[in-house]
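Novice: Provided herewith is a single structure, encoded as structure tokens, for subsequent inquiry.
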Amino acid sequence: MRRWIPLCAFLCLLAADEPAQNLLSNGDFEEVDVGEMYQQFDKGDRVGAWTVDSGSVDLTGKWWDAANGKQSLDLNGDKTGSISQTVETTSGEGYVVKFAFSGNPDNENPEKAVIEVLWDDKVLATLECDREYGKHHAMKWNRYSFAVKAHGDRGTLKFVSKTEGGWGPLIDDVSITKGDVFEDDATTRPATVPSSNEPQASINS
Ligand SMILES: [Ca+2]
Ligand SMILES: [Ca+2]
């Protein structure tokens, strides 16, 4: 009997070490390399596996600090934009959507940047954050997690800017992983976003 204990411990360690696979491709917006500044993509364009659904977006390099890696995405190119990606899912299974959210620091206007996050065309949340002018290398990235359910063999995650102009909400480090529980309960707390989220949502900030 004693021999089973180390084996179990070993297997449990293996399971714990295996990182959850991100079903999204280019969730970190590191493709295409846009260098130091940024590159605009218009409606119908692809940013890796993402599709620009409306307006335009700016894939941004070292101009400001990304949440992860070198690049992040301004959901306003020269105007209000939106972007989506469809992944393969198993109907009825739970998934966790995570992303980092900030605001374009190029605008002196203190107005907040606002996004709508949708799963299969249903609004998960409308979120807002500050656009802190000039803080390109002291960016505040807020991290959010949402638990969602698959309704078919495909699911679509979409981010829509609700901000006017060329300085919009920023997103980065987006992932969809299998499972209906958050990996780290210690860093999550109850949702302060619309209560219609299903089955649950939480914010890590
Ligand atoms: Ca990135
Ligand atoms: Ca822009």
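Novice: Which residues, taken from region 26-53, are in contact (Cβ under 8 Å) with a residue 40 or more places away in the chain and either within 14 Å of ligand 2 (Cβ to nearest atom) or within 13 Å of Leu75 (Cβ to Cβ) (or both)?
Specialist: If the condition is that a residue be in contact (Cβ under 8 Å) with a residue 40 or more places away in the chain and either within 14 Å of ligand 2 (Cβ to nearest atom) or within 13 Å of Leu75 (Cβ to Cβ) (or both), then Phe29, Asp53 are the ones that fit.
Novice: Tell me, yes or no, whether region 60-76 has at least one residue that is farther than 23 Å from Ala138 by Cα and more than 11 Å from ligand 1 (Cβ to nearest atom).
Specialist: Pass one, region 60-76, residues farther than 23 Å from Ala138 by Cα: none.
Checking region 60-76: not a single residue is farther than 23 Å from Ala138 by Cα and more than 11 Å from ligand 1 (Cβ to nearest atom).
Novice: Residues of region 114-137 being of a type in the set (A, V, I, L, M) and at pLDDT below 95, which ones?
Specialist: To start, the set of residues in region 114-137 that are of a type in the set (A, V, I, L, M) comprises 114-115, 117-118, 123-125, 127.
Correct list: Val123, Leu124, Ala125.
Novice: How many residues, within region 138-153, are more than 18 Å from the chain's Cα centre (by Cα) and over 18 Å from Phe101 (Cβ atoms)? Don't jump to the end; show me each part of the working.
Specialist: Quick first cut of region 138-153, residues more than 18 Å from the chain's Cα centre (by Cα) only: 138, 151-153.
Still in the list and also over 18 Å from Phe101 (Cβ atoms): 151-153.
Residues flagged as more than 18 Å from the chain's Cα centre (by Cα) and over 18 Å from Phe101 (Cβ atoms) within region 138-153 amount to 3.
Novice: OK, next. Can you tell me which of Thr156, Thr163 is closer than 22 Å to Asp58 by Cα, touching a strand residue (DSSP E or B) at 6+ places or on another chain (Cβ under 7 Å) and surrounded by fewer than 17 Cβ atoms within 10 Å (Cβ to Cβ)?
Specialist: Thr156
Novice: Pairs please, first residue from region 69-85 and of a type in the set (Lys, Arg), second anywhere and assigned to a strand (DSSP E or B) and more than 15 Å from ligand 1 (Cβ to nearest atom), Cβ atoms under 7 Å, 6+ apart in sequence or on different chains.
Specialist: Close Cβ pairs (under 7 Å, with a partner that is assigned to a strand (DSSP E or B) and more than 15 Å from ligand 1 (Cβ to nearest atom)) amount to Lys79/Ser56.
Novice: With respect to Val32, is the statement that it is within 16 Å of ligand 1 (Cβ to nearest atom), surrounded by 10 or more Cβ atoms within 10 Å (Cβ to Cβ) and at pLDDT below 95 true? Can you show your working first?
Specialist: Numbers: within 16 Å of ligand 1 (Cβ to nearest atom): yes; surrounded by 10 or more Cβ atoms within 10 Å (Cβ to Cβ): yes; at pLDDT below 95: yes.
Considered against the rule, which asks whether it is within 16 Å of ligand 1 (Cβ to nearest atom), surrounded by 10 or more Cβ atoms within 10 Å (Cβ to Cβ) and at pLDDT below 95, Val32 comes out as yes.
Novice: Related question: For Asn68, all conditions in the list (1) in contact with an Asp or Glu (Cβ under 6 Å, 6 or more places away or on another chain); (2) part of a loop (DSSP other than H, G, I, E, B); (3) crowded, with 20+ Cβ neighbours inside 10 Å hold save one; what is the number of the exception?
Specialist: Of everything listed in (1) in contact with an Asp or Glu (Cβ under 6 Å, 6 or more places away or on another chain); (2) part of a loop (DSSP other than H, G, I, E, B); (3) crowded, with 20+ Cβ neighbours inside 10 Å, Asn68 misses just condition (3).
The values are calculated or read from the model by the stated rules, or taken from the named source; none is laboratory data. Model, not experiment: these values are computed from the prediction. Every residue, glycine as well, gets a Cβ built from its backbone with ideal geometry; the counts of neighbours run over all protein chains shown.
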